[in-house]
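Structure first, commentary second.
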Amino acid sequence: MSKSPLHLLFLLFFLVLCSQSYSSRLPSISSITSSSSSSSSSDLVSDGVNELQEPSYLHLNTLSSFSAPEEESCEQSYGFLPCTTTALGNLFLIIVYGYLMFLAAKYLSTGSELLLEILGPGIVGGLFLPALGALPDAMLILVSGLAGSAEVAQSQVSVGMGLLAGSTVMLLTLIWGTCVIVGKCDLQDSVAIDSQDTKGFSLTESGVSTDIWTSYAARIMVISVVPFLIVQLPQMLNSTSGRHLAVLIALIVSVSMFITYCLYQVFQPWIQRRKLAFVKHKHVIFGFLRHLKQQTLGRLLTENGEPDKEIIEKLFSRIDVNKDGLLSASELRALIVGIQFDEIDLDHDDAVDKIMNDFDTSRDSHVDSNEFGNGIIRWLSQVQGSRTGRGDDGPHTMKYLHNFHQETKREHDLLDVGEQSDEVVEGVEEGKGVLIKAILFLLLGTAIAAAFADPLVDVVHNFSNATKIPAFFISFIALPLATNSSEAVSAIIFASRDKRKTASLTFSELYGAVTMNNVLCLSVFLALVYLRGLVWNFSSEVLVILVVTVVMGVMGSFRTAFPLWTSLVALLLYPFSLVLVYVLDYVFGWS
């Protein structure tokens, strides 16, 4: 990280030198032409040889040498950044500008992580940071449609669509598949065993598993493709009159979905905590009933499978130490001192509070015999109804408790695996220093993205003209490497830790990045098309986005375990996408 600013300064210095060396040649040419013309026109003194003419070959060479650069001239970005008309020159500039956009994405990502560490995942994490992650892509899309006249914008806007499609496809194919490969662990009962990789490259017994929140993120990603369907509807109906209106409707829907997604990100931590608290409550039910079963040395259920009220009354009398017919919090705490609550970090005071909240229906801070009996009956009914018992369960309470415990344990694994820690930054001064550092990273990343987005779009278009390669394919392959490579490297390194928690966070971030592409970046693109009156002719590109997003989204929505064979599906979708666009555009003429 410490070397990156030095690299940036070096590149900027190099670009300025290139621009000066390039522009320094042009004045010399103009000065020569002006001096020659002035000398010929101001020849006032005759020396007797003014009839002599300059040799014709010199005159022709001079004209040809000066006229060639004018025909092959290029326009410098901002009037000083270098430009070229050759393929190799534009390729070099794509690499340079792409590296600068990579730095912008890297600084934005670093600043976002620091800011999230300080301020938490609430409003900042939900409203501010998701937009920052998509800022480089959105900036490139924006400048691709703002250049020059509507005709020029129409020719260059394919760069923005190529970036949008390429980012989505790369995140869900190359990066997704690589994360499965580098993060694979042994799979047992559809759950990855942390840091255990003994199955090698088994296609079915090795892979990764995630939590339920990752499945929710995949479902949201699938829903986010709705604006693509709306804007594509007139083309599917072979209608030309409603295309402009369809773009406007898709723009409104896309902006609305962006706002909704940000609000969901704001409230998601609260929803996650509520669901996790409910699962912890079920752990208390299991631990308490198991403890009561051990205390009674008998059955809590009769031969008919009904709660045994006589045993429950005996339990109440045993717990009621002072024999006043009421159970206090201290008496309940004395009962559950020996209870071990598996898989959760729950102290006995929290367990007492949960029991009191469930049993004390009169809210008098005591539990009488009726409340105790009704509470036990409710909990036993919940245990019996949680999962269909086997035929030999009968009155055997432990059979039901075992089933209930297995179900609760699985729910806890799905919910708690990606839980964020509630650590806070220690020390006010340290927190201020980290905050200032985060803001500087964000400002630097934003400035670089804003400054070099337009030059990058120009050189991609120039490279397309020089090589006759469609700009879409250049931007589809090259630009996502610049804007998403930092995120890709971080995701792959994070996934390689072979932990369920890191796998869940990695795939959630990938799904979230694609969702932001589909709502924020698409909103910018649709706004350009609508406000500048451009033609929407991206049917093949939209189809590729739909196919890849729906296939990977549906697979991530309905399963939490991903064997190694799923990575092959993801990786093969990348070349399939390129071939599909080529066939649809250049064989069937969709564009």
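The values are calculated or read from the model by the stated rules, or taken from the named source; none is laboratory data. Source: prediction; values computed, not measured. For neighbour counting, all protein chains shown are included, and Cβ atoms are generated from backbone atoms with ideal geometry for every residue, glycine included. Calculation scope for accessible area: heavy atoms of the full protein, side chains included, ligands and nucleic acids excluded. Shrake-Rupley method; radii C 1.70, N 1.55, O 1.52, S 1.80 Å.
Each Lys or Arg adds one and each Asp or Glu subtracts one; over the other residues with Cβ under 14 Å from the Cβ of Phe525, this totals -1. Take the Cα of Ile477, step 7 Å toward its Cβ, do the same at Thr198, and the gap between the two points is 4.4 nm. If you take the alpha carbon atoms of the stretch 191-248 and fit the smallest convex hull around them, that volume is 131 Å³ per residue. Over the Cα atoms of the stretch 136-243, the radius of gyration divided by the Kirkwood radius equals 1.17; this is the Rg/Rh ratio.
Placing Trp379, Trp565 in order of accessible area, with the largest value first and a 1.4 Å probe, yields Trp565, Trp379.
Applying the criteria of a DSSP loop state and at most 15 other Cβ atoms within 10 Å to the trypsin sites (Lys or Arg not before Pro) of the stretch 490-591 yields Arg497, Arg532, Arg559. Annotation: peptides 212-225, 362-375, ranked by per-residue average of other Cβ atoms within 10 Å with the highest first, follow the order 212-225, 362-375. Return the whole-Å distance between the Cα centroid of the stretch 90-115 and the Cα centroid of the stretch 350-378. Using only Cα atoms, the two centres lie 59 Å from each other. Accessible area of Lys432 (1.4 Å probe, protein heavy atoms only, ligands and nucleic acids ignored): about 110 Å².
Each of Gln196, Val231, Gly166 was scored by the projection of its Cα onto the charge dipole of the stretch 160-244, and the greatest displacement toward the positive side belongs to Val231; charges sit on the C-beta of Lys, Arg, Asp and Glu.
When you count the other C-beta atoms within 10 angstrom of each residue and take the mean per peptide, 192-198, 160-166 line up highest first as 160-166, 192-198. Of the cross-linked pairs Lys323/Lys354; Lys309/Lys354; Lys184/Lys354; Lys184/Lys432, those separated by over 27 Å at the C-alpha level are Lys184/Lys354; Lys184/Lys432. Using the Cβ of Ser155 as centre and a radius below 13 Å, the other residues enclosed give a net charge of -1, where K and R count +1 and D and E count -1.
Multiplying each eigenvalue of the alpha-carbon gyration tensor of the stretch 494-591 by 5 and taking the square root yields semi-axes of 31, 19, 9 Å, largest first, rounded to whole angstroms.
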